[in-house]
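Trainee: Next up is a structure, given as structure tokens.
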Amino acid sequence: MTDITHETVEHYAKLANLAFDPADAELLARQLGSILSHVEKIAELNLDDVPATRFVLPQEPAHREDEVRPSLGAEQALANAPDTESHHFLVPKVINVK
Amino acid sequence: MDMFASCNTLIEQLESGAVTSEALVKEALGAIEARDGEVGAFLKVHEEAAVTQARDIDRRRAAGEQVGALAGLPVALKDNINIEGRRTTCASKILENFTAPFDATVVTRLKQADAVLLGKTNMDEFAMGSSSEFSALGTTRNPHNLERVPGGSSGGSTAAVAAGMVPLALGSSTGGSIRQPAAFCGVVGLKPSYGRVSRYGLVAYGSSLDQIGPVAADVAGVARLYDAIAGPCDRDATSAQVAHTPAFPGLTEPGAPLRIGLPREFLDGGLQPEIQAALNNLVARYREAGATIVDVSLPHTEYAISAYYLIATAEASSNLARFDGVRYGFRTQEDGNLRDMYVRSRSEGFGMEVKRRILLGTYCLSSGYYEGYYLQAQKVRTKIIEDFQKAFEHVDVLLAPTTPTTAFAAGAKLDDPMAMYLADIFTVTANLAGIPALSLPAGCDNDGLPIGLQLLAPHLGENRLLQAAYQAEQLLR
């Protein structure tokens, strides 16, 4: 079984902007270890010369003309925001933070 | 009138004036009132708007005006599909108060077809799960047995159809989230080809896999709903640039005798005996009807679950980065700097399964692991596509069980993520290859729980797939 420690969990949690309490980190370490032990099965295939599939359609992703079209107005775009001020999204202060 | 009646019957009754859409909608609302307390299929029912829309359609029909192909039929939508002005929660605390600012393309098309948008159905949070138990906003149970799960992640949509609350519903599938719950609930569910149905307005989970698809009590209903939503869309860059030929009009045409492949990797042990018997029965019926049955091999099937969970979680970790408490969704009440706000909003807003998948996806995309996990999984995907291409050189469709067992008990797999992931073992290959696949009911097991069998077809082969499924449905009657 792949050994995942709670330190590993905490490292990747940080990369993903998540945080876990110690009990959850221990539980996740065990569960991720178990999942990785299973999915590591794909390593037994030698696929060095096989191209990776990123898009299953026999076409390139479609493009349309770059023309201006109606889109959400400022009011609508801000309507779901937790905090706003005069047509801006409001967030905690990020400059001159002590 | 009966919500369990086929869509064909309901449409005939609406067209002849034997029933009004208002009566049908009220019947649906009555069924929800009577049954949904215990089933829990719906997160939100739009009662007033639905009745108003139904009256308008009745009025237009009575005045001899042109009405759409689904005019007056109630449709339920999985709650990860946007309807302008309505909540889209993805069954998550993080989107609990999100109001969609625009219609998904499938919603625009349903409105053009004059379908009545009745409400939004429960699901696993962000479509991550196989039992609908990972919803943060409600519990859905299997209408056939309330101790069992309805499957997932589109469990609310399939339970709503199975309980006779609506004749039609939309679900979405990333790894089996339409076919698996359709099988558990005893209804028909289609995952269309990747690119066939626009995903504009569907909240993204695994973008190289996600598809919206129809659920109904029978194949004809699925074909009608599929016809209403399929076809190119210039708001989805992954939309297949191929015109859609309606499937419903040709559904009953016999066509050339079917060549059906049985992939042996789906039949190797572990299958519930009644499901094996149901498969054998359908094979025998098809053969009697003139079909050729061929043994085929899809040798990379055993690697599919691994490749799927690596690719889906990697894509999810990227897609769900947008939920940070700034532009929409839940924001923590705790004080702190910007980064604290991100971390707390996400940690408080997402449920455990979503966090588990984000973590796994982040891990397998990270430096040092990317090649071995994500890239290798994308290569396995190439081999799975080649397996299908080889198989379809000799057969029109493939036939296999949808799930290894019938609906499992509520709570049975909640504490074992890997056991839950293995519930998708027969469905993920179609998503990885981007091909269409449909599950249809094929009897019940010894406990009276529905059995589902699936048919798979080549990319964009939905019309032939639906014909084969229609034939199966007739043969099993």
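Every read-out reported here was derived from the displayed coordinates using simple, explicitly stated rules and does not represent laboratory data. What you see is a predicted model; the values in this text were computed from it and never measured. Cβ coordinates were reconstructed from backbone atoms using ideal geometry, including for glycine residues, and neighbour counts include every protein chain displayed.
Trainee: What's the extension gain from B:Glu371 to B:Glu348 if we count 0.36 nm per residue and subtract their Cα-Cα distance?
Mentor: Values: separation 23, 0.36 × 23 = 8.28 nm, distance 3.19 nm.
Length gained, B:Glu371 through B:Glu348: 5.1 nm.
Trainee: Another question about this same structure. A:Pro82: net charge of surrounding residues, Cβ under 10 Å, Lys/Arg +1, Asp/Glu -1, itself excluded? Could you put the intermediate results ahead of the total?
Mentor: Values: positive: B:Arg327, B:Arg331; negative: A:Asp83.
Here the charged neighbours net out to +1.
Trainee: Tell me the Kirkwood hydrodynamic radius of chain A in angstroms, computed as one over the mean inverse distance between distinct C-alpha pairs. Could you put the intermediate results ahead of the total?
Mentor: Values: mean 1/r = 0.0511 Å⁻¹.
By the Kirkwood definition, the hydrodynamic radius is 19.6 Å.
Trainee: Using the alpha-carbon atoms, what tilt in degrees (0 to 90, nearest 10) does helix A:6-15 show relative to the longest principal axis of chain A?
Mentor: Compared with the principal axis, the helix lies near 30 degrees.
Trainee: Starting from the 7 Å offset along Cα-to-Cβ, what nm value, one decimal, do you get for the label separation of B:Ala23 and B:Asn97?
Mentor: Result: 4.3 nm between the two label points.
Trainee: Something else now. How shielded is A:65-72 by partner chains, expressed as the average number of their Cβ atoms within 10 Å of its Cβ atoms?
Mentor: Values: counts 1, 0, 0, 0, 2, 0, 1, 2.
Partner Cβ neighbours, averaged per residue: 1.
Trainee: I need the helices of chain B that pass two filters: whole DSSP H segments spanning 18 Å or more by Cα along the axis, and mean Kyte-Doolittle score no lower than -1.0.
Mentor: Working: long enough: B:21-39 (26 Å, 0.01); B:47-62 (22 Å, -1.27); B:273-288 (23 Å, -0.48); B:304-319 (22 Å, 0.57); B:352-365 (20 Å, 0.41); B:376-391 (23 Å, -0.93); B:462-475 (19 Å, -0.71).
Span-like helices in chain B: B:21-39, B:273-288, B:304-319, B:352-365, B:376-391, B:462-475.
Trainee: If every alpha-carbon in the protein assembly as shown counts as one equal scatterer, what log10 I(q)/I(0) does Debye give at q = 0.05 1/Å?
Mentor: Debye curve over Cα of the protein assembly as shown, log10 I(q)/I(0) at q = 0.05 Å⁻¹: -0.20.
Trainee: Considering amide H positions built from the backbone, and no H for Pro or chain starts, which residues 5 or more places from B:Leu453, or on another chain, come under 5 Å of its amide H?
Mentor: For B:Leu453, the qualifying residues are B:Thr402, B:Leu440, B:Ala442.
Trainee: Here is a follow-up. Where the eigenvalues come from the Cα gyration tensor of segment B:7-250, what are the semi-axes √(5λ) of the equivalent ellipsoid, largest first, in whole Å?
Mentor: Values: eigenvalues 120, 91, 56 Å².
Semi-axis lengths for segment B:7-250 are 24, 21, 17 Å.
Trainee: Follow-up question, since we're still on this one. Net charge near B:Lys120, counting Lys/Arg +1 and Asp/Glu -1 over other residues with Cβ under 10 Å of its Cβ? Each step should come with its number before you reach the end.
Mentor: Details: positive: B:Lys44, B:Lys78, B:Arg86, B:Arg87; negative: B:Asp79.
It works out to a net charge of +3.
Trainee: I need B:Ser347, B:Ser132 ordered by Cβ neighbour count within 10 Å, fewest first. Walk me through the numbers before you get to the answer.
Mentor: On the way: B:Ser347 18, B:Ser132 34.
Fewest-to-most Cβ neighbours within 10 Å comes out as B:Ser347, B:Ser132.
Trainee: Between the helical axis of A:22-39 and the dominant principal axis of chain A, each derived from Cα atoms, what acute angle in degrees is found, rounded to the nearest 10?
Mentor: 70
Trainee: When DSSP assigns beta bridges and you keep just the ones with both residues in chain B, what percent turn out antiparallel, to the nearest 5?
Mentor: Values: 29 of 44 bridges.
Bridges in chain B are about 65 percent antiparallel.
Trainee: Using every Cα-Cα pair within segment B:129-243, state what percent have a distance larger than 18 Å. Intermediate values should be presented prior to the final figure.
Mentor: Details: 3073 of 6555 pairs.
Roughly 47 percent, once rounded to a whole number.
Trainee: How large, in Å, is chain B by the Kirkwood hydrodynamic radius built from its alpha-carbon pairs? Don't skip to the answer; put the middle values down first.
Mentor: On the way: mean 1/r = 0.0451 Å⁻¹.
Computed over chain B, the radius equals 22.2 Å.
Trainee: If you add up the charges near B:Asp56, with Lys and Arg at +1 and Asp and Glu at -1, over every other residue whose beta carbon is less than 13 angstrom from its beta carbon, what do you get? List each step's numbers first, then the result.
Mentor: Values: positive: B:Arg55, B:Arg59, B:Arg60, B:Arg61, B:Lys111; negative: B:Glu22, B:Glu48, B:Asp58, B:Glu65, B:Asp114.
Surrounding charge for B:Asp56 is 0.
Trainee: Also: Please give the contour-minus-distance gain from B:Ala284 to B:Asp416: 0.36 nm per residue of separation, less the Cα-Cα distance, rounded to one decimal in nm.
Mentor: On the way: separation 132, 0.36 × 132 = 47.52 nm, distance 3.74 nm.
Contour length minus the Cα-Cα distance gives 43.8 nm.
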